[in-house]
1. Tell me the residue from GLU380, GLU430, GLU402 that is surrounded by fewer than 13 Cβ atoms within 10 Å (Cβ to Cβ) and at pLDDT below 90, please.
2. Just name the residue that is modelled with the highest pLDDT out of those in region 354-377 that are of a type in the set (Gly, Ala, Ser) and not in a helix (DSSP H, G or I).
3. In the set THR205, THR245, which member is within 19 Å of TYR347 (Cα to Cα), surrounded by 14 or more Cβ atoms within 10 Å (Cβ to Cβ) and of a type in the set (Ser, Thr, Tyr)?
4. Could you list all residues from region 286-320 that are outside any loop (DSSP other than H, G, I, E, B) and either within 19 Å of HIS345 (Cα to Cα) or open to solvent by 10 Å² or more (accessible area, probe 1.4 Å) (or both)?
5. Are there any pairs with C-beta distances below 7 angstrom linking a residue in region 379-393 that is touching a residue at least 24 places away in the same chain (Cβ under 8 Å) to a residue that is open to solvent by 40 Å² or more (accessible area, probe 1.4 Å), with the two at least 6 apart or on different chains, and if so which?
6. So which residues in region 161-184 are open to solvent by 60 Å² or more (accessible area, probe 1.4 Å) and not polar (S, T, N, Q)?
7. Identify, please: which residue in region 251-277 is part of a helix (DSSP H, G or I) and aliphatic (A, V, I, L, M) and is, among those, farthest from GLU317 (Cα to Cα)?
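The values are calculated or read from the model by the stated rules, or taken from the named source; none is laboratory data. Remember, it's a predicted structure, so these values are computed and weren't measured experimentally. All Cβ positions, even for glycine, are placed from backbone atoms using ideal geometry, and neighbour counts span all protein chains on display. Heads up: the accessible areas ignore ligands, DNA and RNA and are worked out on the full protein's heavy atoms, side chains in. Shrake-Rupley method; radii C 1.70, N 1.55, O 1.52, S 1.80 Å.
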Amino acid sequence: MNKQNRLTGNIHRATPRLKHVLSGLFSGGTPDTNNDEYWAAAGEGIAWVAIGDMSTKDRVDVTERRITESGIASKRLCVLPPGTLIYSIYASMGHVAELAIPATINQALLGLEFANGVEWGFAKWWLRHLQPLLIAEASSNTQDNLNAEKVRNFPFPKIEFRHQSCIANYLDQETARIDSLMSEKERMLVLLEEKRAALISRLVTRGVDPNAPLKSSGHEWLGEIPAHWEVQSIKYLAFVGNGSTPSVENSDYWSEEGYPWLNSSVVNVSPATNASRFVTELALRECHLPKIQPPAVLVGITGQGKTRGMASVLGIEATINQHLAFIKPRTQELNADYLYYLLGHAYAFLRSDSDGAGSTKGAITCEQLENIKIPVPPSEEQAEICARLKHSLNAFMPLRSEIQRSLDLLAERRAAMIAAAVTGQVSLEEMFL
């Protein structure tokens, strides 16, 4: 059974294609961002929808940027009417939303208008059901993506209009119930994370003695710290550096069982112990890759995503790419675990400081990291702070895992319900019992 049949089931009515029910399929584009004549002020011009405007929303009624008539003409863009379905063919691939305002779109999106006889609400749910197929069919040298021709040839079931409406209404109601439950679970995770962050912030900036005299740290992001703590630049306590990416076309640089090479995804988990790729000794020599031994801390240093400014303790000897920096204590005065927790507290400061460095993409330099002034408790107190944090944070894990498990089950139930409804595995009578 091929991918399409596995996804849609052996349903004869799934044979028609999306192109048979479309009255229009529209691509987008991005006018020259350096030409002010193409971009309008807030409240003026026409809305221009990018991936960030869709996010996880089902309706797009406001956009970050707006475009002028000159901008529209420069890329020959269409102004899509409210009610048009838009979905992503690049990042967040397969996400579907409804336009609630007249708008143009960028090249990462497609606009879909359906012919008479198609309920757009049903089309929305069908396309969401097809999201795994969209991802499976994606192809690119550097990132997953689709194109308009592939999308035209996706299957679309032949179902009477009134039945499409019934299915859409059923899924609107039932997914709303599940979404409400999922929102409650997600809010609980947010509250747990806030409690976790507050605990870390209190201990890494105030220490273990609540009655200790305080002094100004001299830095807004730190506030007051215990009077007996010192404040020093990281460069006096640790080595700071970053790595590179050897040419992927040179097979002499890569090996199945070589030296671990880490990318910026490792900051999502601490400690960092797993490498997805390995480099050879030749790559280490010729590409100036550092050999980093624990204890050390890794920091994401580039990009607009959340990884910039995030940190992880290095758990294995490894090297890194150019999107990571390492901070390796050179003295017993700095505990790597304490530094990791402290950088977690400093996340907002690191983001803000790097945004102000003049780069439109956002980047933290090794020099910036070296010059950050941090509070330095006595080494014994750093160890005690880390021990208390590990004990307290371990207590969070079972509850967090339980909430996440129930959230995952709800997501699976939601996906299964959508699939069953749009592929005819649930009768209309069963839907409304």
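1. GLU430
2. ALA363
3. Going through THR205, THR245 in turn, just one is within 19 Å of TYR347 (Cα to Cα), surrounded by 14 or more Cβ atoms within 10 Å (Cβ to Cβ) and of a type in the set (Ser, Thr, Tyr): THR205.
4. Just the residues of region 286-320 that are outside any loop (DSSP other than H, G, I, E, B), to begin with: 286, 292, 297-300, 302, 311-314, 318-320.
Correct list: GLU286, VAL297, LEU298, VAL299, GLY300, THR302, ALA311, SER312, VAL313, LEU314.
5. Short answer, once both residue conditions are applied: SER379/GLN332; SER379/GLU333; SER379/ASN335; GLN382/ASN335; ALA383/ASN335; CYS386/ASN335; CYS386/ASP337; LEU393/ARG196.
6. If the condition is that a residue be open to solvent by 60 Å² or more (accessible area, probe 1.4 Å) and not polar (S, T, N, Q), then PHE161, ARG162, ASP172, ARG177, LEU181, GLU184 are the ones that fit.
7. The selected residue is VAL267.
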